[in-house]
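S.K.: One structure, as structure tokens, below. Some questions next.
We did not get these values from a lab; they are worked out from the coordinates using the rules stated. From a predicted model like this one, the values you see are computed outputs, not experimental measurements. For neighbour counting, all protein chains shown are included, and Cβ atoms are generated from backbone atoms with ideal geometry for every residue, glycine included.
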Amino acid sequence: MMNHPYFLEAGCQAQDEASARVAIIPVPYGATVSWMAGTEEGPAAILAASEALEVFDDELLSEPWQVGITTRPPLDCQGSTEEVLMRLSQEVAGALARRQLPVILGGEHSLTVAGVAACLRHYPELCVVQVDAHLDLRQEYDHDSLSHACVMRRIDDLAVPFVQAGIRAFSKEEWLLCQSRGWQPWTTARMRAQESWLEEMVTWINGRPVYLSFDLDGLDPAVLPATGTPEPDGLSWETATRLIARLCRTSKLVGADFVELAPPAGPAYSAFTAAKLVYRTIGYAMSSRCEV
């Protein structure tokens, strides 16, 4: 994958760090993936595809890049998962100190722990919205408690409340855990059965600051097939963007990650879809025009 150093074109970058309101943080890490490999190539693919985006957003009718976007150098992903997460947490903390919205481009889903931990120090009332095909609530996977399949269990260890949407794959043990803890994930079946799902989610969030963790396999594979663990069904583009718009309209989005794009597993347009979703989210987060 040819390296592309920026999100969007170079001319769409903020002139300096002080003027940037959004920090794009590429993290090419994929050490714990459990099926098809390649998530470490996701950030470079998203950055490269972003160059082809129309910077005038067709829904917001504005140019979100004008708020000031800076693209950080790819994170050093040498060493253990713990070391990578520590470096990422420091990177996110730096963005928050500069009053920027940190947007992580993964890479695998384990990265979310670092983003949430850094945001929690700035926003004690933080909650997490996870879009995903999977619950990711295992205590460990392949003897690794920091596996991408365990990320939401680690978020629970941080005592951060979370809500999950798009879920359609989980183990019996994960489902029993949800029942014992009173968690009610929004499976795709439940979302179809309850048209009020988005209203109920917003009510649960209750205006708290939100960290959005968007595993791209939460989308229907017809929309984005290039993930390491694809599942049939999933969110449409319209449902996903409506969800994000509503979150940004009713709460403060303080951090986000977009993870699990695996370019070798599917067509190149998957990276373009991911890049547009990131750009649209920036537009929602930075604009008051989130009418849904």
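S.K.: Which whole-number percentage describes the relative contact order of the chain, with Cα contacts under 8 Å and a sequence gap of 6 or more? Spell out each step's value before the answer.
M.R.: Values: 629 pairs, mean separation 68.3, N = 292.
Relative contact order of the chain: 23 percent.
S.K.: Something else now. In the neighborhood of residue 265, defined by Cβ-to-Cβ distances under 11 Å, what is the net charge if each Lys or Arg adds +1 and each Asp or Glu adds -1?
M.R.: Summing Lys/Arg as +1 and Asp/Glu as -1 gives -3.
S.K.: While we're looking at this one, here's another question. I'd like to compare 272-284, 210-222, 4-16: which one has the highest average count of other Cβ atoms within 10 Å, and what's the full order after that?
M.R.: 210-222, 272-284, 4-16
S.K.: What residue among 250, 86, 128 has its Cα farthest toward the positive end of the dipole of the chain, where the charges are +1 on Lys, Arg and -1 on Asp, Glu, each on the Cβ?
M.R.: 250
S.K.: To check you understand DSSP bridge types, tell me what percent of the beta bridges within region 146-267 (both residues inside) are antiparallel, rounded to 5.
M.R.: 10 percent
S.K.: Could you check what % of the DSSP bridge pairs in the chain are antiparallel, to the nearest 5? If you can, show how the numbers build up before the last one.
M.R.: Details: 2 of 34 bridges.
Beta bridges within the chain, antiparallel portion: roughly 5 percent.
S.K.: Label region 10-286 by shape, choosing from rounded, prolate and oblate, from the square roots a ≥ b ≥ c of the eigenvalues of the Cα gyration tensor; if a/c is under 1.5 it is rounded, and otherwise prolate applies when a/b is larger than b/c, oblate when it is not.
M.R.: Here region 10-286 falls in the rounded category.
S.K.: Students often check this: by mean Cβ neighbours within 10 Å, which of 20-27, 154-161, 87-94, 175-182 ranks highest, and how do the rest follow?
M.R.: Ranked by mean Cβ neighbours within 10 Å, highest first: 20-27, 87-94, 154-161, 175-182.
S.K.: Just to be sure I understand: of the beta bridges DSSP finds with both ends in region 201-292, what percent are antiparallel, rounded to 5?
M.R.: Antiparallel: roughly 10 percent of the beta bridges in region 201-292.
S.K.: Kindly identify region 124-270 as rounded, prolate or oblate by the Cα gyration tensor criterion: order the square roots of the eigenvalues as a ≥ b ≥ c, call it rounded if a/c is under 1.5, otherwise compare a/b with b/c, prolate if a/b is larger, else oblate.
M.R.: It is rounded, given that a/c, with a ≥ b ≥ c, falls under 1.5.
S.K.: When the dipole is taken about the Cα centre of the chain, and only Lys, Arg (+1) and Asp, Glu (-1) are charged at their Cβ, what size is it in debye, to the nearest 20?
M.R.: Around 820 debye, computed over the chain.
S.K.: Taking the Cα centre of the chain as the origin and placing charges on Cβ (Lys, Arg +1; Asp, Glu -1), which of 10, 219, 283 is farthest toward the positive end of the dipole?
M.R.: Farthest along the dipole direction, towards plus: 283.
S.K.: Towards the positive end of the charge dipole of the chain, with charges on Cβ (+1 Lys, Arg; -1 Asp, Glu), say which of 182, 274, 141 has the farthest Cα.
M.R.: The residue sitting most towards the positive pole is 182.
S.K.: Okay, moving on. Length gain on complete extension for the stretch residue 10 to residue 184, per 0.36 nm per residue less the alpha carbon to alpha carbon distance?
M.R.: Working it through step by step, the gained length comes to 58.3 nm.
S.K.: With charges only on Cβ, +1 for K and R and -1 for D and E, what is the dipole size of region 29-165 about its Cα centre, in debye, rounded to 20?
M.R.: 520 debye
S.K.: Tell me, what HN-Hα J-couplings in whole Hz come from the Karplus equation 6.51 cos²θ - 1.76 cosθ + 1.60 at θ = phi - 60° for each residue of region 198-204, using x for Gly and Pro?
M.R.: In residue order, the calculated couplings are 5, 4, 5, 5, 4, 4, 4 Hz.
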